[in-house]
1. So, D123, is that one surrounded by fewer than 17 Cβ atoms within 10 Å (Cβ to Cβ) and touching a Lys or Arg at 6+ places or on another chain (Cβ under 9 Å) or not?
2. Kindly indicate the residue of the range 147-178 that is among the small types (G, A, S) and out of contact with any helix residue (DSSP H, G or I) (no Cβ under 9 Å at 6 or more places or on another chain) and also surrounded by the most Cβ atoms within 10 Å (Cβ to Cβ) among those meeting that condition.
3. Within 19 Å of L3 (Cα to Cα) and within 15 Å of the chain's Cα centre (by Cα): which single residue out of P103, P122 fits that description?
4. Out of the residues in the range 2-30 that are farther than 20 Å from A174 by Cβ and either without any contact (Cβ under 8 Å) to a residue 24 or more places away in the chain or out of contact with any strand residue (DSSP E or B) (no Cβ under 7 Å at 6 or more places or on another chain) (or both), state the one that is surrounded by the fewest Cβ atoms within 10 Å (Cβ to Cβ).
5. Testing G185 on (1) at pLDDT 95 or above; (2) outside any helix (DSSP H, G or I); (3) more than 19 Å from Y65 (Cβ to Cβ), one condition comes back false. Which one is that?
6. How many residues are of a type in the set (A, V, I, L, M, F, W, C), touching a residue at least 24 places away in the same chain (Cβ under 8 Å) and closer than 24 Å to F18 by Cα if we restrict to the range 49-77?
7. Restricting to the range 20-47, name every residue that is on the phi > 0 side of the Ramachandran plot and touching an Asp or Glu at 6+ places or on another chain (Cβ under 9 Å).
8. So, of the residues in the range 130-160 that are hydrophobic (A, V, I, L, M, F, W, C) and over 24 Å from P16 (Cα atoms), which turns out to be farthest from the chain's Cα centre (by Cα)?
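The values are calculated or read from the model by the stated rules, or taken from the named source; none is laboratory data. Predicted model, so just to flag it, every value in this text is computed and none were measured. All Cβ positions, glycine included, derive from the backbone under ideal geometry; neighbour counts span all protein chains shown.
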Amino acid sequence: MALTPSTMLELGTKAPDFALIEPATQKVVKLSDFEGQSVLVAFICNHCPYVILIKNAFSKFAHQYQAKGLQVIAINANDIDNYPEDSPLNMISDVKDFEYSFPYLYDDTQEIAKQYHAACTPDFFMFDAEHKLFYRGQFDSARPNSGIPVTGEDIIKAAEQLLSGKAEPDMQIASLGCGIKWKAGNEPDYAM
């Protein structure tokens, strides 16, 4: 498990569009489905200990903030040939087990992860209603075996500021987690 930080994509970057399958429903979900709405795009997976640590809190956050107008979308881009725990079938199990209220999509080609410059799991990208990047960084400071409780304080602060029309948080700390499991020969330049 190589500890990898998020790339900290430039604020104001326009969200890349996508059309990905949601294994739980077999529907195609597109970013354009959320036109004119603020959106949090989270790159997660099933097996990463950094994601496992926050799954319950992330699900709770999503329920709470979707009700306030923040759309939430999660994407798994890991190589399932080498990491079968992250297969679409196991993604469906996670949706049920953790009561995900948001689409959990599968990026089989890994092209969407590349377009977002996603580097780790979890990796969060929060966009305003014009789909311009408002926040990128950590959920909170909790890490496996750190003893720091999972609070979601960083993502909550960003969501509150976004939804109340305030400026983006001054301090945005890179997320840390397992590196995205790129398929052999598919590693993006920024991940090398």
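1. Details: surrounded by fewer than 17 Cβ atoms within 10 Å (Cβ to Cβ): no; touching a Lys or Arg at 6+ places or on another chain (Cβ under 9 Å): yes.
No; evaluated as a whole, the condition is false for this residue.
2. Keep residues of the range 147-178 that are among the small types (G, A, S), which gives 147, 152, 158-159, 164-165, 167, 174-175, 177.
With the extra rule that they be out of contact with any helix residue (DSSP H, G or I) (no Cβ under 9 Å at 6 or more places or on another chain), the set shrinks to 147, 158, 164-165, 174.
Working: G147: 6, A158: 22, S164: 8, G165: 7, A174: 15.
Of everything passing the filter in the range 147-178, A158 is surrounded by the most Cβ atoms within 10 Å (Cβ to Cβ).
3. Working: P103 fails: within 19 Å of L3 (Cα to Cα).
Checking each option against the conditions leaves just P122.
4. So in the range 2-30, the residues farther than 20 Å from A174 by Cβ come out as 14, 17-30.
Applying the additional criterion that residues be either without any contact (Cβ under 8 Å) to a residue 24 or more places away in the chain or out of contact with any strand residue (DSSP E or B) (no Cβ under 7 Å at 6 or more places or on another chain) (or both) yields 17, 19, 25-28, 30.
On the way: D17: 11, A19: 12, T25: 12, Q26: 8, K27: 12, V28: 13, K30: 12.
Checked the range 2-30; the qualifying residue surrounded by the fewest Cβ atoms within 10 Å (Cβ to Cβ) is Q26.
5. (1)
6. Residues that pass the stated criteria total 10.
7. The one that is on the phi > 0 side of the Ramachandran plot and touching an Asp or Glu at 6+ places or on another chain (Cβ under 9 Å): G36.
8. Initially, the range 130-160 is screened for residues hydrophobic (A, V, I, L, M, F, W, C), giving 133-134, 139, 142, 148, 150, 155-156, 158-159.
Subsequent filtering for residues that are over 24 Å from P16 (Cα atoms) retains 142, 148, 150.
Working: A142: 16, I148: 21, V150: 16 Å.
Among residues in the range 130-160 that are hydrophobic (A, V, I, L, M, F, W, C) and over 24 Å from P16 (Cα atoms), the one farthest from the chain's Cα centre (by Cα) is I148.
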